[in-house]
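Each remark here refers to the structure printed beneath this line.
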Amino acid sequence: MATLKDNKWFVENVANKQDIKLECNPKQGVYISKVTDSVITIVGKANTIVAENVNKSGIIFDDIISTVEVINSKKLQVQANGSIPSIAIDKSQGVTVFLQTAEGQKASILTSLSSEVNIILPGKTDNDDSIEFPVPSQFVSKIVGGKVVTTPSEHV
């Protein structure tokens, strides 16, 4: 299910497992590939997480030193319970990013060729509902003053 090789955890070819738990240290990275209908919890501070071809699953983690990359994935939930400098989402659909702390909310989120990406922040108090922010996936480009200006498409 999960294998540690050198300084990298590998979780590959897993389906229908809700209890995958990895204990990481700052020198270790995590590579998750071809996982479906599963939940992976990463405890401690990891260097990086790469999730590739992960579908209908969840990844929960504490702190990340570098980045979390999501590639070619569908219906994936990513929950940061601590700090994370950046999240890169590429060629994916239906990715929901939960940023649970003020440190996590400082993350830069880069999306490319992705749709249905949402960012969820906790409510201001424990009794408040979470706040959801959709990430634009359509843009309008215009020539303004001899330069290309691109803005998110606004639906009326």
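Could you please find all residues in segment 129-152 being in a loop (DSSP other than H, G, I, E, B) and closer than 24 Å to Phe98 by Cα?
The first filter runs over segment 129-152 and keeps only residues in a loop (DSSP other than H, G, I, E, B), leaving 129-130, 135-138, 145-146.
The answer is Asp129, Ser130, Val135, Pro136, Ser137, Gln138.
Residues considered: Lys75, Lys124. Of these, the only one that is closer than 23 Å to Val39 by Cβ and either among the basic types (Lys, Arg) or in contact with a Lys or Arg (Cβ under 9 Å, 6 or more places away or on another chain) (or both) is Lys75.
State yes or no: is Ile120 touching an Asp or Glu at 6+ places or on another chain (Cβ under 6 Å), free of Cβ contacts under 8 Å to residues at least 40 places away in the same chain and part of a strand (DSSP E or B)?
So Ile120 passes the test.
Within segment 105-140, the set of residues being surrounded by 10 or more Cβ atoms within 10 Å (Cβ to Cβ) and over 23 Å from Glu69 (Cβ atoms) comprises Pro122, Gly123, Ser130, Ile131, Val140.
Among the criteria (1) more than 30 Å from Phe139 (Cβ to Cβ); (2) touching a residue at least 24 places away in the same chain (Cβ under 8 Å); (3) of a type in the set (A, V, I, L, M), the one Met1 does not fulfil is (2). The residues in segment 62-71 that are surrounded by fewer than 24 Cβ atoms within 10 Å (Cβ to Cβ) and in a strand (DSSP E or B) can be counted, and the count is 5. Is segment 74-94 home to any residue that is touching a strand residue (DSSP E or B) at 6+ places or on another chain (Cβ under 8 Å), crowded, with 16+ Cβ neighbours inside 10 Å, among the hydrophobic types (A, V, I, L, M, F, W, C) and assigned to a loop (DSSP other than H, G, I, E, B)? Yes, segment 74-94 contains at least one residue that is touching a strand residue (DSSP E or B) at 6+ places or on another chain (Cβ under 8 Å), crowded, with 16+ Cβ neighbours inside 10 Å, among the hydrophobic types (A, V, I, L, M, F, W, C) and assigned to a loop (DSSP other than H, G, I, E, B).
Of the residues making up segment 89-109, those that are among the aliphatic types (A, V, I, L, M) and within 15 Å of Lys56 (Cα to Cα) are Val95, Val97.
Just one residue in the set Lys17, Lys56 is of a type in the set (Lys, Arg) and touching a strand residue (DSSP E or B) at 6+ places or on another chain (Cβ under 6 Å); that residue is Lys56.
Quick one: which strands (runs of 3 or more DSSP E) sit completely within segment 1-58 and have at least 2 residues that are within 14 Å of Leu76 (Cβ to Cβ) and at pLDDT 95 or above? Steps first, answer last, please.
Working: elements: 2-5, 8-15, 20-24, 29-36, 39-46.
Filter on segment 1-58 gives 8-15, 29-36, 39-46.
The values are calculated or read from the model by the stated rules, or taken from the named source; none is laboratory data. Worth saying up front: this structure is predicted, and the values here are computed from it rather than measured. Positions of Cβ are backbone-derived with ideal geometry, glycine not excepted, and every protein chain shown enters the neighbour counts.
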